[in-house]
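Scroll down for the structure; my scribbles are underneath it.
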Amino acid sequence: MLRVGMLTSGGDCQSLNAAMRGVAKSLYGSVKDVKIYGFLEGYKGLIYNNYKEMNPGDFSGILTEGGTILGSSRQPFKLMTVPDENGLDKVKAMKETYAKLKLDCLVILGGNGTQKTANLLSREGLNIVSLPKTIDNDLWGTDITFGFQSAVDIATNAIDCIHTTASSHGRVFIVEVMGHKVGWITLHAGIAAGADVILIPEIPYDIKKVIKTLNERTKKGKNFSILAVAEGAISKEDAALSKKELKKKLAESPYPSVSYKLGEEITKATGQEVRITVPGHMQRGGSPCPYDRVISTMFGAQAARLIMDKKFGYMVAMVNNEITEVPLKDIAGKLKTVDPDCTTIRDAKLLGIGFGD
């Protein structure tokens with residue numbers, strides 16, 4: 001009998017269910033005797049022995065369902081080797097649960113922190129296959145992650161909807177898009193929706209340059225402007241601060257986020273009315289887009305293939321439009337950021353989009 005564990009960890013996103021379905025359907029259809037255990041609330045379920053035995057019916061009808069049928073939780077990697085409040089050794093507990101169920105493999109779906117813990121468990125001797133989940137698209141080693149395109153679609157729609165009200169009232173609108181450390185969603189949604197300014201963490205902005213772009217639009221007779229701003233966008237002044245200094249400054253800031261600071265600065269400099277829109281967790285929710293359904297399903301099938309081939313210690317990935325796998329040890333802990341000099345940025349600037357640099 002093939003015994004497989006499965007968990008979803010970190011922030012939820014679209015297509016987690018579709019990816020699990022891809023793994024399960026491939027295994028059920030290819031292996032004569034297979035048993036799948038689903039750990040509830042991510043690594044927490046593995047640590048505290050909280051799981052349920054799955055059956056084929058559990059994976060039926062979930063292709064289009066957002067969220068995760070197993071639940072998820074954030075378990076920071078830096079705390080994985082720190083005992084819990086009762087002194088429990090988390091890594092030891094996870095290994096004991098794995099051994100208790102006599103698992104042949106553990107399938108882990110998650111983003112950066114999740115992949116680091118997956119690699120830790122792999123080094124501890126567990127058979128691990130992981131899948132690249134995150135709306136941020138910031139996992140090293142894969143061209144794309146599932147959840148990303150669905151988030152881009154939602155953020156794009158939000159900016160599209162803003163266009164009509166912005167033009168009707170002649171206002172400046174700032175749409176704050178998810179992305180603390182990277183700007184992939186903001187970049188793609190901003191271009192797709194025709195934003196006039198795109199601000200991302202990888203390109204610290206100069207507020208004077210942002211104002212200049214807005215003023216130039218006004219001179220051309222444009223009565224409104226739209227800024228797509230990543231929640232992690234940062235000014236050049238703040239980018240020059242140490243982590244400690246920046247943390248202190250943000251803690252003392254009167255603004256809920258960078259967008260509200262930008263809004264006040266723009267109003268003072270131009271006299272234009274500014275409105276802030278924050279789609280927030282909408283970008284993580286709802287039904288996955290068709291593209292995400294396809295790639296997550298194929299990722300799941302590839303994970304099943306790795307399990308059947310007993311090829312462990314890998315994350316399924318898309319490289320040059322081909323679904324393959326990459327060693328966990330090579331990608332864990334690495335962040336895939338937007339290259340400020342990439343073709344997408346260069347071409348966006350040719351189109352007249354400002355990046356505040």
I'm told D12 meets every condition in (1) assigned to a helix (DSSP H, G or I); (2) under 25 Å from L120 (Cα atoms) except one. Can you identify the failing condition by its number?
(1)
Using the structure shown, decide if A303 is out of contact with any Lys or Arg (no Cβ under 9 Å at 6 or more places or on another chain), open to solvent by less than 20 Å² (accessible area, probe 1.4 Å), assigned to a strand (DSSP E or B) and touching a residue at least 60 places away in the same chain (Cβ under 8 Å).
no
When the range 308-324 is examined, which residues are found to be surrounded by 23 or more Cβ atoms within 10 Å (Cβ to Cβ) and either of a type in the set (G, A, S) or not in a strand (DSSP E or B) (or both)?
A317
Selection within the range 325-347 - open to solvent by 50 Å² or more (accessible area, probe 1.4 Å) and either within 25 Å of V31 (Cα to Cα) or free of Cβ contacts under 8 Å to residues at least 12 places away in the same chain (or both)
D341, T343, R346, D347
Can you tell me which residue is modelled with the lowest pLDDT among those in the range 26-36 that are closer than 21 Å to T297 by Cβ and outside any helix (DSSP H, G or I)?
V31
Output the residue which, of all residues in the range 253-296 that are out of contact with any Cys (no Cβ under 7 Å at 6 or more places or on another chain), among the basic types (K, R) and in contact (Cβ under 8 Å) with a residue 60 or more places away in the chain, is nearest to V23 (Cα to Cα).
R293
The residue from G113, G71, G125, G87 that alone is within 22 Å of the chain's Cα centre (by Cα) and at positive phi is G71
So, in the range 94-113, exactly how many residues are open to solvent by 10 Å² or more (accessible area, probe 1.4 Å) and either part of a helix (DSSP H, G or I) or free of Cβ contacts under 8 Å to residues at least 40 places away in the same chain (or both)?
7
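Mind listing whichever residues of the range 254-264 are under 17 Å from A230 (Cβ atoms) and open to solvent by 30 Å² or more (accessible area, probe 1.4 Å)?
Passing the criteria: Y255, P256, Y260, K261.
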For the range 348-355, does any single residue satisfy the condition of being open to solvent by less than 30 Å² (accessible area, probe 1.4 Å), under 27 Å from G125 (Cα atoms) and among the small types (G, A, S)?
no
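Taking the stated definitions as given, is G61 in a loop (DSSP other than H, G, I, E, B) and either out of contact with any His (no Cβ under 9 Å at 6 or more places or on another chain) or crowded, with 17+ Cβ neighbours inside 10 Å (or both)?
yes
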Filter the range 201-216 for residues that are under 16 Å from K261 (Cβ atoms), in a loop (DSSP other than H, G, I, E, B) and either among the charged types (D, E, K, R) or touching a Ser or Thr at 6+ places or on another chain (Cβ under 7 Å) (or both) and give the result.
P204, D206
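Kindly indicate whether I144 is open to solvent by 10 Å² or more (accessible area, probe 1.4 Å), modelled with pLDDT of 95 or more and either assigned to a strand (DSSP E or B) or in contact with a strand residue (DSSP E or B) (Cβ under 9 Å, 6 or more places away or on another chain) (or both). Steps first, answer last, please.
Numbers: open to solvent by 10 Å² or more (accessible area, probe 1.4 Å): yes; modelled with pLDDT of 95 or more: yes; either assigned to a strand (DSSP E or B) or in contact with a strand residue (DSSP E or B) (Cβ under 9 Å, 6 or more places away or on another chain) (or both): yes.
Yes, satisfied.
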Does L63 satisfy the condition of being touching a helix residue (DSSP H, G or I) at 6+ places or on another chain (Cβ under 7 Å), over 20 Å from K116 (Cα atoms) and of a type in the set (A, V, I, L, M, F, W, C)?
yes
Picked from the range 1-54 (must be touching a strand residue (DSSP E or B) at 6+ places or on another chain (Cβ under 8 Å) and among the polar types (S, T, N, Q)), the residue most open to solvent (accessible area, probe 1.4 Å) is N50
Which residues, counting only those in the range 159-182, are of a type outside the set (D, E), part of a helix (DSSP H, G or I), under 20 Å from Q149 (Cβ atoms) and open to solvent by 20 Å² or more (accessible area, probe 1.4 Å)?
C161
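The values are calculated or read from the model by the stated rules, or taken from the named source; none is laboratory data. These numbers come from a predicted model, not from an experiment. Please note: Cβ atoms are built from the backbone with ideal geometry, for glycine as well, and neighbour counts cover all protein chains shown. For the accessible areas, the whole protein counts, side chains as well, though only heavy atoms, and no ligand, DNA or RNA atoms are used. Shrake-Rupley method; radii C 1.70, N 1.55, O 1.52, S 1.80 Å.
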